[in-house]
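Below is one structure, written out as structure tokens; the observations come after it.
Just so it is clear, none of the values below were taken in a lab; they were calculated from the coordinates. None of these values were measured; they are calculated from a predicted model. Positions of Cβ are generated from backbone atoms using ideal geometry, with glycine treated the same way; all protein chains shown enter the neighbour counts.
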Amino acid sequence: MRTRWLAPTFYILFLLLPIYWLLNMSFKTTNEILGVFSLWPREFTFANYIKIFTDPTWYNGYFNSITYVVINTVISVSAALPAAYAFSRYRFLGDKHLFFWLLTNRMAPPAVFALPFFQLYSAVGLFDTPIAVALAHCLFNIPLAVWILEGFMSAVPKELDETAYVDGYPFWRFFFRIFVPTITAGIGVAAFFCFMFSWVELLLAKTLTSVAAKPIAATMTRTASTSGYELGLLAAAGSLTIIPGAFVIYFVRNYIAKGFALGRV
Amino acid sequence: MGGKTINHKAWLFVLPVVLLVAFNAVIPLMTVVNYSVQETFGDNVFFWEGVNWYEQVLHSERFHASLLRQLTFTSIILVIEVPLGVAIALTMPREGPWVSVCLVLMALPLLIPWNVVGAMWNIFALPEIGLLGKTINSLGIDYNFTQQPLAAWFTTILMDVWHWTSLVVLLAYAGLCSIPDAYYQAAKIDGARGWAIFRYIQLPKMKRVLTIAILLRFMDSFMIYTEVFVLTGGGPGNTTTFLSIDLVKIALGQFDLGPAAAMSLIYFLIVLLLSWVFYTLMMRSEGEP
Amino acid sequence: MSSIGLRDLRHSYLRDPATDADWALKHIDIDWSDGGAYALLGPSGCGKTTLLNIVSGLIAPTEGRVFFGKDDVTDIPPDQRNIAQVFQFPVVYDTMTVYENLAFPLLNRRVPKAEIDAKVREIAKMLDLEDRLTKRASGLTADGKQKISLGRGLVRSDVNVIMFDEPLTVIDPHLKWVLRSKLKELHQQVGSTMIYVTHDQTEALTFADQVVVMHEGTVVQIGTPVELFEKPKHTFVGHFIGSPGMNVLPCEIDDGAPLFAGRKVALESRIEKTAAGAKLEIGVRPEFVSFASEGIPVEIVKVADAGRYRIVDTRHGETHIKLLVAEGEALPSEGACIGFDPAHTQVYADGWIIA
């Protein structure tokens, strides 16, 4: 099919249109955004970006967010790998229920759980630290990572494990040298999703931090409340939040696209 | 043998995960359950209310209405996003320089904080100053999502499809890339072509990954809040007031957390039930020995 | 039914191969006659799977042509070449039953239903899958799945060549033996040409009439198992085949005969000329080395018991020489000497046999 590229091309154009609009807004003043329809800023301004780069509350927000998101991604994927392997290869007491229970942790609407979380993390003395947010996000990211990884692991024939044992590989060597490379797509996807969901999560991040570890998401909601709607600033901040995630997906792209080569064991 | 081995020591593998998740789940959950069966008039004094709040919520017209809206919304977006996502994943290149370009560009909508998503679509869809709004109106269609329920639904759904389809695409794509070459080679030798390859090799091999995608979209769309709230505020009127939005309205409006807590738990149970049903159905047709 | 001819085949996985090492297949020119059972034997990475995939049409060779009989099939896709291939890991269509799996290739070729049914049942009987026809394919064990893979190749009456790419890799050891016998039996029943790729010499030597030994992208020797064993044309063949492998000893040439440790070693033929500066070696299998009253003095280093015989590891200076001794035979206590059977002693220059 020579025209295969048409579909992804149209889809990507569809995706890029509102993003272009976002960028468009970020270079305008709020007045212009609300007042006029213009495909290109009539009064091109860097003011929004300058504000972000020079105001500590803004750029610190980015660093704080990146910190806890990275910590969370590493914890989530690392803890999920052995667990997913267990779910995929072994039967044990309560395994099916445990597996489903993990997913149920993504089913609760967060609004009402905010206060109990605040109480919990204050009680253990972790309030207003990146660790607190990183740990709290484990609630929904670990189940996600486990589910995704298990899905990919189950596609690997169990004969691969057995062949390795027959060849005399000790378990850890088998796991990291042979097994993990076969599920790189799953790891890439899981890592990216953990990053993404943690990055955009607003409520818990706001609740568990105040000043020291305040994330960018919280800073952005300020723009909605204080001086009405500072749309230009919001747009600029929003545009900038795309960048770290873009790096992450670029980084894992080879993990995702790499085929599963049924190599010789 | 293709089956799993019984090994209770596997709990060691699972332990870190259980600890990390339970720490965050159990205690807050207990707190909420606590609230849901009590009444307070302030001053940290609580009165036992039992199941009153639950009854109140379950019988309220308002709850039924928002539940219905929610179910409709979720059904529509699942029907659009899942097939669309799979179709795009099938057409994406598997190797070469375009892979990186595609992956990065497709991931962009997912990375935007949800309040920004709502805000940008808000402006984007406004009839006078937004690209979408202006374009539709210039085609002769009277479109104003702040005043017309249909337009509001259309915009909300479009926004969600724009925002989340890539999630399905990424999962499906990774699943496709994991299919060993030998399957395609065997299919070549067996003389199978396009549709047969999809039906007998690609779709079955993607089943687990698709289950995850569908469940994820189901749950997340069922709990959708920020984007919709910033876009329409639940309106016009309450035509796009889905469950979460309604829940927050109630929670903020009440003096105490009782009804809100009860509602969240009912909400949680609905999602749980529907997910469990769906999960069992998908897993059953797997035919595991 | 047709013979297979490979002409000047060269293949590289790189777009612009530069050095010799960039070529997975350096030069292959072979003829396989119709109906034979062949094995492609060699260590991992020697190019045997590449060669197999070129024959089946899954890979297009960088250079060279592939002939089935008189037809040049190089540009013809796999499903039109009348070949079948069984892969290392079982490939079955999970959503289908065993019956549907076996019927699949025929359905794609629009064979009439009655004919499909007859054929499927016939093959199922041949492979002992009859009682599992209605079961889901995904529920079978590894060997069952490989049988299905094989079955999909056998159902098609137009199949001339069946290729196996290390098919027993994931099978349990005791089932390996059963399947191996089954394959040999099938070959006699069906009569198609069968090409079996493996790195296991036992599998190759028991299955094939002719073995093609490959090393680093070239064919090193083609011959019957006996030929390969008794007269290896390359030190690699001698080393790879047989357990323990052939002894390789450095030597010099003096007046048409090889010298090892200053002693003349008897050969059946005379060595004529050797290239200057070539690395000269004597090759002799442990089976053809024995203790003698006089010969090369050695020191016994180790004795390993291998059941009906013992492997004696001896040493002369820096060179180790292994020999086999029957179970009851006594070993010389001191002053041991060994001699070689002249009929089975070879001399190699740079690895290739010269006498």
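Data for the structure
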item: Karplus (6.51, -1.76, 1.60) ³J(HN,Hα), θ = phi - 60°, over region C:43-58, in Hz, Gly and Pro reported as x; result: x, 4, x, 7, x, 5, 5, 4, 4, 4, 5, 6, 5, 7, x, 6
item: Gaussian network model of chain B, Cα within-10 Å springs - most flexible of B:Val248, B:Val26, B:Val17; result: B:Val17
item: 30 Å Cα-Cα threshold exceeded, pairs from C:Lys70/C:Lys279; B:Lys207/C:Lys135; C:Lys70/C:Lys113; result: C:Lys70/C:Lys279; C:Lys70/C:Lys113
item: Of C:Thr74, C:Thr169, C:Thr134, the one that fluctuates the most in a GNM where chain C has Cα springs shorter than 10 Å; result: C:Thr134
item: Region B:218-266: chymotrypsin sites (Phe, Trp or Tyr not before Pro) in DSSP coil with no more than 15 other Cβ atoms inside 10 Å; result: B:Phe255
item: Relative exposure of C:Arg263, C:Arg310, judged by other C-beta atoms within 10 Å (fewest first); result: C:Arg263, C:Arg310
item: Acute angle (nearest 10 degrees) that the helix A:184-200 long axis makes with the longest principal axis of chain A, alpha-carbon atoms; result: 30
item: Taking chain A and dividing mean pair separation by its residue count, relative contact order in percent (alpha carbons under 8 Å, at least six apart); result: 32
item: Degrees, to the nearest 10: C:98-108 long Cα axis against longest axis of chain C; result: 80
item: Cβ-placed point charges (K, R +1; D, E -1), dipole of the protein assembly as shown about Cα centre in debye, nearest 20; result: 1480
item: Anisotropy class of region B:77-242 from Cα gyration tensor, a/c 1.5 cut; result: prolate
item: Rounded if a/c under 1.5, otherwise prolate or oblate - chain A, Cα gyration tensor axes; result: oblate
item: Exceeding the 22 Å Cα-Cα cut-off - candidates C:Lys145/C:Lys182; C:Lys145/C:Lys184; A:Lys96/B:Lys9; A:Lys158/C:Lys48; result: A:Lys158/C:Lys48
item: Projected label distance in nm at B:Leu12 and B:Phe278, using a 7 Å step from Cα toward the beta-carbon; result: 3.7
item: Dipole of chain C, positive direction: furthest Cα of C:Ala39, C:Ser269, C:Leu58, with charges on the beta-carbon; result: C:Leu58
item: Per-residue HN-Hα couplings for region C:201-218 [Karplus 6.51, -1.76, 1.60; θ = phi - 60°; Hz; x = Gly/Pro]; result: 5, 4, 4, 4, 5, 7, 7, 8, 7, 10, 10, 9, 8, 10, 8, 6, x, 10
item: Computed label-point distance, nm, for sites C:Asp8 and A:Phe14 using a 7 Å Cα→Cβ extension; result: 5.3
item: Highest-fluctuation residue, C:Val248, C:Val91, C:Val284 considered, GNM on chain C with Cα pairs under 10 Å; result: C:Val91
item: Lys/Arg +1, Asp/Glu -1 at C-beta; the protein assembly as shown dipole; positive extreme among B:Leu68, C:His199, B:Met283; result: B:Leu68
item: C:Ile321 long-range amide H proximity, modeled H, under 5 Å; result: C:Thr314, C:Arg315, C:His316
item: Backbone HN-Hα couplings from phi across region C:88-97 [Karplus 6.51/-1.76/1.60, Hz, Gly and Pro as x]; result: 5, 9, x, 10, 10, 8, 4, 7, 9, 7
item: Helix A:56-89 axis, angle to chain A major axis (alpha carbon atoms, nearest 10°); result: 20
item: Size of charge dipole - chain C - debye, nearest 20, with Cβ of Lys, Arg +1 and Asp, Glu -1, no other charges; result: 1120
item: Cβ-based exposure ranking for C:Phe68, A:Phe176, in which fewest neighbours within 10 Å come first; result: A:Phe176, C:Phe68
item: Of C:Lys119/C:Lys147; B:Lys188/C:Lys125; C:Lys233/C:Lys302, pairs whose Cα-Cα distance is over 21 Å; result: B:Lys188/C:Lys125; C:Lys233/C:Lys302
item: Farthest toward positive dipole pole in chain A [+1 Lys/Arg, -1 Asp/Glu at C-beta], among A:Phe87, A:Val124, A:Pro215; result: A:Phe87
item: Cβ-based exposure ranking for C:Asp172, C:Asp16, C:Asp31, in which fewest neighbours within 10 Å come first; result: C:Asp16, C:Asp31, C:Asp172
item: Dipole moment magnitude, nearest 20 debye, region A:31-115 about Cα centre, only Lys, Arg, Asp, Glu C-beta charged; result: 480
